[in-house]
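Data first, discussion second: the structure below is written as structure tokens.
Only the coordinates and a few stated rules stand behind these numbers; no lab work does. Keep in mind that what you see is a predicted model, and the values were worked out from it rather than measured. Using ideal geometry, Cβ is built from the backbone for each residue, glycine included, and neighbour counts are taken over all protein chains shown.
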Amino acid sequence: MPTYRKPKQSDITEWLIFIGIYVATITLTSFLLLGAYWYVWFVLVAGGLFILVLWHKKSTAHHCPVCGDEFEITCLTNLFSPHGVTKEDDGWTYLKCPQCKNRAKMKILVKENKKNHTTHN
Ligand SMILES: [Zn+2]
């Protein structure tokens, strides 16, 4: 049974670094590859996005403010759901709760990975 916790500042920094690397990579490679090799660039963009979504899905869960249920969502749902951040720096995703079927801004939680807890710096 995985446990979930509120994202810390370090988690948010980590997410921003990953997204930053992705954006920087596609921006830089667009100068080199757009033109004759546009399809290589397209694969890079799609592949990178897929990895980001997959990784985000693997490391996060959502908390329903209505019934308190904690659940994980599929990559596709994650990709097409609106995301945002509240004034309190809490991340949210607008989703339908699998438990109570309410649509709400679900609070993003971080999945505690007990197996690799020695790897974090
Ligand atoms: Zn619910």
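Determine, for Cys75, Cys67, Cys97, the number of other Cβ atoms within 10 Å of each Cβ, and report the residues in order from fewest to most.
Taking fewest neighbouring Cβ atoms as first place, the list is Cys67, Cys75, Cys97.
Per the Cauchy relation, a quarter of the hull surface: what is the mean projected area of the convex hull of the alpha carbons in the chain, in nm²? Kindly include the intermediate steps, with their values, before the conclusion.
On the way: hull surface 36.4 nm².
With the hull built on Cα positions only, its mean projection is 9.1 nm².
For the stretch 4-112, with only Lys/Arg (+1) and Asp/Glu (-1) charged at the beta-carbon, what is the dipole magnitude about the Cα centre, in debye rounded to 20?
Values: 12 positive and 9 negative charges, 56 e Å.
Computed charge dipole of the stretch 4-112: roughly 260 debye.
Under a cut-off of 16 Å between alpha-carbon atoms, report the aspartates and glutamates in cross-link reach of Lys107, not counting same-chain residues fewer than 8 places apart.
Asp11, Asp69, Glu70, Glu72, Glu88, Asp89, Asp90
In deg cm²/dmol, rounded to 500, what helix-only [θ] at 222 nm does the chain give when every DSSP H run of at least 4 residues adds -39500 (n - 2.57) and the total is split over its residues?
Working: 3 runs with 53 residues, N = 121.
The per-residue figure over the chain is -15000 deg cm²/dmol.
Using 19 Å as the Cα-Cα cut-off, could you pick out the over-long pairs in Lys57/Lys96; Lys6/Lys111; Lys57/Lys87; Lys57/Lys111; Lys8/Lys96; Lys8/Lys57?
Details: Lys57/Lys96 16 Å; Lys6/Lys111 9 Å; Lys57/Lys87 23 Å; Lys57/Lys111 10 Å; Lys8/Lys96 25 Å; Lys8/Lys57 17 Å.
Too far apart for the 19 Å limit: Lys57/Lys87; Lys8/Lys96.
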